[in-house]
Amino acid sequence: MTSDGLLQVIRELAEASGALVNGDPEPFKSHWSHADDVTIFGGYGKHEQGWERVSSRLDWASARFRAGEINYEPHTAGSSGDLGYAVGIERGHVTVLEHGASGEIVLRVTHLFRRENGRWAVIHRHADAVTEIHAPSHLLHDH
Amino acid sequence: MDTTPAIEDVLADLDHATELMLDGNCAPWQELLSHRDDVTLLGAYGGQVQGWPDVSARFDRTAKGYAGGGGTTVRENIASWIGSDLACVVDLERHHTRLDDNADPVTFVYRTTHVLRRENGAWKVVLRHADPLASFRGPDFAHAPAG
């Protein structure tokens with residue numbers, strides 16, 4: 001039930017993630033809806049809503065990355081009408097400004113899409129590094 | 001005639017199912033899950049599982065960790081996009097329950113993304129993505145540097 005159009009956009013988004021971790025957020029941002037209702041659950045935690053804030057968050061995150069590479073492992077995707085979703089793992093290496101050394105990055109990611117003016121636009125990104133299974137008590141830290 | 005329940009009612013059912021889950025009863029949540037092969041869980045405890053047998057088993061396991069009694073949950077909706085056959089809901093979930101054998105209840109907050117699909121006249125959850133990152137953690141949490 002996934003349209004070919006959505007699968008193509010998912011591929012493009014994956015490539016754009018590669019640019020983002022090299023300090024260029026523009027290709028990734030170009031896939032987003034610029035509407036007020038877009039949201040991001042970023043890998044660093046917390047959430048932002050509205051294109052202005054989401055866009056700033058992507059700029060901020062991208063500015064922290066140098067010389068990275070990301071591969072997208074697609075897990076599942078679907079669409080119906082004007083809504084679509086995609087779930088996968090973003091896996092690669094990034095150099096983070098604060099550390100200065102290359103480190104592994106593994107994110108579970110869900111993207112939601114809405115068809116706008118004939119194209120699939122991202123309306124939500126949910127990313128986290130919770131790829132290992134933890135005991136419940138682990139979740140209580142830092143709240 | 002379309003007899004599919006309104007999505008608002010289904011989300012209320014999910015809230016109720018989550019509260020029962022916090023008391024150790026995962027059956028109502030499992031009933032709201034799609035039984036198809038593409039049902040996916042990115043649970044707050046980590047990892048990713050797909051397909052009804054594995055997703056269902058994970059709910060069984062998670063529910064066992066909730067000692068039970070007086071679990072409550074408050075869902076703060078951040079955004080919803082409702083189509084005719086697909087619904088996407090983004091929330092913050094504040095759960096209050098007891099973990100394992102601990103006497104003291106705890107509160108924890110999850111960021112959640114749910115996708116529901118209309119299947120045979122019912123809304124079923126095809127994706128739950130939950131994590132405990134409701135507050136800002138920063139780069140150190142997201143990726144540790146090598147070496």
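The values are calculated or read from the model by the stated rules, or taken from the named source; none is laboratory data. These numbers come from a predicted model, not from an experiment. Positions of Cβ are generated from backbone atoms using ideal geometry, with glycine treated the same way; all protein chains shown enter the neighbour counts.
Residues A:100, A:118: which one is over 26 Å from residue B:99 (Cβ atoms), modelled with pLDDT under 80 and more than 7 Å from chain B (Cβ to nearest Cβ)?
None of the other options fit; the residue is A:100.
Any residue in region B:102-121 that is within 27 Å of residue A:47 (Cα to Cα), in contact with an Asp or Glu (Cβ under 8 Å, 6 or more places away or on another chain), surrounded by fewer than 17 Cβ atoms within 10 Å (Cβ to Cβ) and in contact (Cβ under 8 Å) with a residue 40 or more places away in the chain? Taking every residue of region B:102-121 in turn, none turns out to be within 27 Å of residue A:47 (Cα to Cα), in contact with an Asp or Glu (Cβ under 8 Å, 6 or more places away or on another chain), surrounded by fewer than 17 Cβ atoms within 10 Å (Cβ to Cβ) and in contact (Cβ under 8 Å) with a residue 40 or more places away in the chain. Reported count of residues in region A:49-81, each being outside any helix (DSSP H, G or I) and either within 18 Å of residue A:10 (Cα to Cα) or at pLDDT 95 or above (or both), is 15.
Of the residues in region A:21-42, how many are at pLDDT 95 or above and either among the small types (Gly, Ala, Ser) or not in a loop (DSSP other than H, G, I, E, B) (or both)? So the count comes out to 11. Scanning region B:34-60 for residues that are facing another protein chain (nearest Cβ under 10 Å) and either assigned to a helix (DSSP H, G or I) or among the hydroxyl-bearing types (Ser, Thr, Tyr) (or both), we see that the one that is farthest from residue A:107 (Cα to Cα) is B:58.
Please work out if residue B:73 is outside any loop (DSSP other than H, G, I, E, B), more than 11 Å from chain A (Cβ to nearest Cβ), modelled with pLDDT under 95 and touching a strand residue (DSSP E or B) at 6+ places or on another chain (Cβ under 7 Å). Yes; evaluated as a whole, the condition is true for this residue. Residues that are away from chain A (no Cβ under 14 Å) and either among the hydroxyl-bearing types (Ser, Thr, Tyr) or not in a helix (DSSP H, G or I) (or both) within region B:8-32 comprise B:18, B:23, B:25, B:26, listed in sequence order.
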